[in-house]
Amino acid sequence: MRLLHYWRAMMGIVGRELLRFLHQRERFISALVRPLVWLFVFAAGFRAALGVAISPPYETYILYEVYITPGLIGMILLFNGMQSSLSMVYDREMGSMRMLMVCPLPRWFLLGSKLIAGTAVGVLQSYAFLGIAWAYDIQAPLMGYVWILPALVLVGMMLGALGLLLSSLIRQLENFAGVMNFVIFPLFFMSTALYPLWKIKESSEILHTLAHYNPFSQAVELIRFALYEQFNLDALIFTALSFFVFMSAAIFGYNPSKGMMVRKGGGAP
Amino acid sequence: MTELALAIENLSFAYGAKKALDDVSFDVRPGECTILLGPNGAGKSTLFSLITHLYDSRQGRIALCGFDIKKQSLKALARLGVVFQQTTLDPDLSVTQNLRYHAALHGIGRKAADNRIQEELERLNMFERRGEKVRQLNGGHRRRVEIARALLHRPSLLLLDEPTVGLDVPSRQAIVEHVHALVKEQNLAVLWATHLIDEIAADDSLVVLHRGQIKAKGKLDYVLQTTGANDAGEVFNKLTEGHKG
């Protein structure tokens, strides 16, 4: 009976997120426009300047557009994770977060369900992007589109957990923009999304080390390898570990006796 | 002896050095409407956050239907219905979608949920508007939907945090009457936070909170007698030193 309660609650939370997503078509379109601009404009422009040599998982020389496609999927999931956390800060300000928190289920489960709901939306967006990229002649092996699913789910959960953690730290919506600049831009630009590690190493050792240990780099590599039907164990372990750390910290942040909400005084979830 | 719907014992809470609640104790029984009266900043919202387990109490104890909110929080919360001061409905979803979401969070299946939704909305004359987006409803109707939602899982205790703020007089009156009818007909226990004196009925119990401390508690008659006041308004002014809300 208790299991049924958990199942119904999770379906309710995921269903609500999908309904909201369907009602907000502009959110879907803007989530796609951003990576498509990078693909059609940025990548096309830099094709000549940024040649990419053969490196795994690629078995031949590739166009720059092909190289950045996994990075742009990472971008979709990154923005989706941040959007979810933004909506949690909004929910908290608007009070609907309170409704979730006063229902008779453990916090970890409620936050986990929120995360699954956000990830489901991110995965849908990623496949829509891959569909457009396919039409643009960026085509991976067919089975790669199946292999990529668990990678998308794990990366979506990891970035969503980071978003959850941020939402537990941020009291007001206005503070969010600043944090976005301090989180999204460093994560994205200091990663392998736009350029391979060896290329970064050529310019700076420090930057190379930072990019290597950037959880977003590992997430992008996990996606990149999966899309070409390959398994990257290091990236998987690193991404899973990052998920665990971010999620644990987010659960702590939303704990009614230990979390940041109490310490800040008055900012009830 | 009837089990208490809400028992608060020696509850204290502080935000850092600032004390928000100081040794607060009172009970709410089934079939009783208790009005929590206090000006802004009295500690009402903090008290509600503690009862709903949004915060943990560090000193004192809160029990809902005998379940300790800290140790048995899930059992306690299952018996609690809440209407917060701010509306907490999703404006982009319909009335039914909002209520189904709440039912799912309480583990109620679709069929049972739809039956209860119909029952609660009909009682509040809102069933005809079930398909409308919440955004299209006025403030009074949104409040009705929130009350219907808070009752969907059949709670023993209903918490209302200033639910009539910003509503016109007929909407306020309708909500006051509806809640008092629920107390009588369904033996529901209600804790209603307000600073609006005219929402108090003659047979309500009163808890007057000011600067985190209880200044008076008991049936309205008893409080009038012990404070020497003529009406609830005078009680409020006397015990809160004429504090404007």
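Just so it is clear, none of the values below were taken in a lab; they were calculated from the coordinates. Everything numeric here is computed off the predicted structure, so don't read it as measured data. Here Cβ is always computed from backbone atoms with ideal geometry, including for glycine, and neighbour counts include all displayed protein chains.
Some notes on this structure:
- For the Cα trace of the protein assembly as shown, dividing Rg by the Kirkwood Rh returns an Rg/Rh value of 1.06.
- Based on Cα atoms of chain A, Rg over Rh with Rh as the Kirkwood radius reads 0.98.
- Bridgeable lysines around B:LYS238 (alpha carbons under 16 Å apart, same-chain partners fewer than 8 residues away excluded): B:LYS215, B:LYS217.
- Cα long-axis angle, helix A:233-253 against chain A (0 to 90 degrees, to the nearest 10): 20 degrees
- Relative frequency of Cα-Cα separations exceeding 24 Å in the stretch B:99-245, percent: 40 percent
- Cα gyration tensor shape of the stretch A:188-258, rounded if a/c is under 1.5, else prolate or oblate by comparing a/b with b/c: oblate
- Beta bridge orientation in chain B: antiparallel %, DSSP, nearest 5: 55 percent
- Counted over the protein assembly as shown, the DSSP beta bridges are approximately 55% antiparallel.
- Chain A, helix-only ellipticity at 222 nm - DSSP H runs n ≥ 4, -39,500 (n - 2.57), divided by all residues, nearest 500: -24500 deg cm²/dmol
- Exceeding the 30 Å Cα-Cα cut-off - candidates A:LYS114/A:LYS199; B:LYS75/B:LYS111; B:LYS70/B:LYS111; B:LYS18/B:LYS133: A:LYS114/A:LYS199; B:LYS70/B:LYS111; B:LYS18/B:LYS133
- Rounded, prolate or oblate (a/c below 1.5 giving rounded, otherwise prolate when a/b exceeds b/c) for the stretch A:154-238 by Cα gyration tensor: oblate
- Relative contact order (%) - criterion: Cα under 8 Å, at least six apart; region: chain B: 28 percent
- Fraction of C-alpha pairs exceeding 20 angstrom in the stretch B:90-154: 14 percent, rounded to a whole number.
- Estimated distance in nm for a label pair at B:GLN136 and B:GLU185, the labels positioned 7 Å out from Cα along Cα-to-Cβ: 2.7 nm
- The slack in the chain from B:LYS219 to B:ALA14, taken as 0.36 nm per residue of separation less the alpha-carbon distance, amounts to 70.9 nm.
- 10 Å Cβ neighbours from other chains, averaged over peptide A:8-15: 5
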